Amino acid sequence: MTAAPTSCSPTATAPTTLEQHPKATEDRWHRPKHPGAVAIKACAGDWAKAESLLLSLQQKGEATLDVHNAAMTVFARGRQNAKAVDLLNRMLKLGPRPNVASFTSAISACGYAGQWGRSLELLRDMATKCGVQPNASTFNAAISACGHGGQWKHALRLLREMDAVGLDPNLFSYNSAIKACVKGSGGQWERALELLVEMRERGIPPDLISYTSAISACAHAGKSGIARQLVADMEECCVKPDVVVYSALISAYGRGGQWEAALQTLRDMAALGVVPNAHSYCSAIAACNGAGQWEASLKVFEEMLQRGVEPSAFVYSALISALGGGGQPERAVALLRDMCARGLPADEASYVAAVSACARAGQWERALELLRELGAAGAPPSITVYNASMHACGKGGQWKQALAVLAEAESKGAAPTRATYATLLGCLDAAGQHGEAAAVLAAAQAKGHFASVWRSAAVLDLHHCTAAVARAILRQLLDDLRSGKRRPATYTVVTGRGSHSGSHAGGASGSAPGGPGILAKVVRDFFSPQDGGTIADDASGGASGGASGGASSGASGAPACTAVARNPGRFVVREAAIRWWLLQK
């Protein structure tokens, strides 16, 4: 088992580890329940007070096992995993010897704190090193820890291990395992459903939590039909669906592209006596957003206000994004203003959505106004907001403003990312500012961006580049050849389908379905390949043979290139073509 993070490890005040504890115990620790244990349990929600009482009882020599376990329980509920483990290790060293309840509380504490690895380590060590056998509650605590951490494989293993040691999993066991499947990577909806079936086969009727978790798993995967069937199953089993269930169903419809069904479910809730909450409306708005139905999103929002449901910042962000995507920047900005007027803190996501809306409409001045407004509101904007603002400047043909935005971002400590430079290169490429683009590309490369495009000295991989970035890199290659920084050689250019290959990017036209991607067209246009010239691809990824000499120069002022046979995403610029091109300069 992987070692636990240091936050769960024993501290200097409790140096004894599980491996070092004494096996012997003294009867003096095992007294009837002490009034101090009752007092400590009454401190639920105030772990500091519980700790103070424990220390007092320890000093008086009255800290029985019940007292320690009561403190451990309060620590667990207070998410104080380090204190719980420290106390456990102190008990192992000084007594009273911990029992199964002690370990269960420590495992729960680590689980609540997200330290699922430490929980599993404690479960393993309690039996093998301390001679304390786990019970069903202990396993449940460990499965729950895995559930919090989305560790579905470990949760299922523990469920099977319970059977192996003769312990019957109960409702809590299965609910925790299903939760792990919901939170696990990739959304393990099929396994969640298998557990639901297994529960019934073992005579454990699924409850509201069981169904809610399974429906949420289906919602994440966009399995709206299965989610709908689970809701029907609930009704047949007399388990009344609540607002969380219907909200998850709305989300499932949204992810499945069924925005009309999502809206119908929202309307049905009122008829069924279930009052929609902010999450229900937000899920419905998100469903409409995904289908590009900004008008429907706005109607849902208006209904939400009419019913007196207070919208959250997340709801506003979702609606602002919908309006922006629908080409409604004025409405998006007005909604941002309404959000502030209601006293809701306009978070960065809301500003990003509004700035992006302005960018789509080419309203660069308004976008910069929002950027300044966000900066004046408190913390400096993140690079994401600056990227959206640069994109707005590019859409408005304001490349100098885009450069100024980058300079401001750097001065405010917002570190430019690869996406930042790609956005800026798109602005400069669209404006034909090749010299400025070369300087920006060099600055990006100096910071480690776009370094991976060169697979080797002679293989250029543009797979993950936008069209504008690809053109800037190709121009840099030619500049390096002219200056002697690179020697003439046979260069292979790999494009694949390219980043955003099915849409307009950096001035390049899109591609037909199934045809060559944007970047293939960028390379063809840039190098002006010879008519009909194709070559075979050799094992090294270079070129061999040729249909024509390849010594001509493209009409664009670049050396000619040829497409590799049977691979439309690979091109070769031959050394002979490069030398011929250099002679013409």
*If the cut-off is 17 Å between C-alpha atoms, which lysines fall inside it for residue 93, apart from same-chain ones fewer than 8 positions away?*
23, 83, 129
*Packing-wise, with mean Cβ within 10 Å as the measure, how do 403-409, 80-86 rank, highest first?*
80-86, 403-409
*Straight distance only, please: which aspartates and glutamates reach the Cα of residue 41 with their own Cα at less than 12 Å, same-chain residues fewer than 8 apart left out?*
51, 66
*Would you order 393, 340 from fewest to most other beta-carbon atoms within 10 Å of each residue's own beta-carbon?*
340, 393
*How do 473, 250 rank when sorted from fewest to most other Cβ atoms within 10 Å of their own Cβ?*
473, 250
*asked:* If each residue of separation counts as 0.36 nm, what is the full-extension length gain between residue 242 and residue 482 once their alpha-carbon separation is subtracted?
replied: 79.4 nm
*asked:* For a quick check of your reading of the filter: which trypsin sites (Lys or Arg not before Pro) in region 151-245 sit in a DSSP loop and have no more than 16 other Cβ atoms within 10 Å?
replied: 202
_Theoretical ellipticity at 222 nm over the chain - DSSP helices of four or more residues, -39500 (n - 2.57) apiece, nearest 500_ = -18500 deg cm²/dmol
_Principal axis box of region 206-311, alpha-carbon based, largest edge first, Å_ = 38, 27, 18
*Taking the Cα centre of the chain as the origin, how large is its charge dipole in debye, to the nearest 20, when only Lys and Arg (+1) and Asp and Glu (-1) carry charge on their Cβ atoms?*
1280 debye
_Relative contact order computed over the chain (Cα-Cα under 8 Å; 6+ residues apart), in percent_ = 5 percent
*Can you tell me the relative contact order of region 45-204? Whole percent, Cα pairs under 8 Å, sequence separation 6 or more.*
15 percent
*Which FRET efficiency value, to the nearest 0.05, do you get for residue 400 and residue 565 by plugging their Cβ-Cβ distance into 1/(1 + (r/R0)^6) with R0 = 35 Å?*
0.20
*For percent of Cα pairs over 38 Å apart, the listed values are [x] 33; [y] 55; [z] 45; which was obtained by calculation from the structure presented?*
[y]
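Quick check on the exposure proxy: order 347, 429 from fewest to most C-beta atoms within 10 angstrom.
If I rank by nearby Cβ atoms, fewest first, I get 347, 429.
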*asked:* Suppose the chain between residue 128 and residue 208 were pulled fully straight at 0.36 nm per residue; how much longer would it get relative to their current alpha carbon spacing?
replied: 25.1 nm
*Proximal lysines to residue 240, defined as alpha-carbon separation beneath 23 angstrom and excluding residues fewer than eight positions away on the same chain*: 179, 223
*Please give the FRET efficiency for residue 49 paired with residue 172, using the beta carbon to beta carbon distance and R0 = 41 Å, rounded to the nearest 0.05.*
0.90
*Report the FRET efficiency, 1/(1 + (r/R0)^6), for residue 445 and residue 369, where r is their Cβ-Cβ distance and R0 is 30 Å, rounded to 0.05.*
0.35
*asked:* How tilted is helix 467-483 with respect to the longest principal axis of the chain? Cα atoms for both, answer in degrees (0 to 90, nearest 10).
replied: 60 degrees
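Only the coordinates and a few stated rules stand behind these numbers; no lab work does. Nothing here was measured: the structure is a model prediction, and the numbers come from that model. Cβ coordinates were reconstructed from backbone atoms using ideal geometry, including for glycine residues, and neighbour counts include every protein chain displayed.
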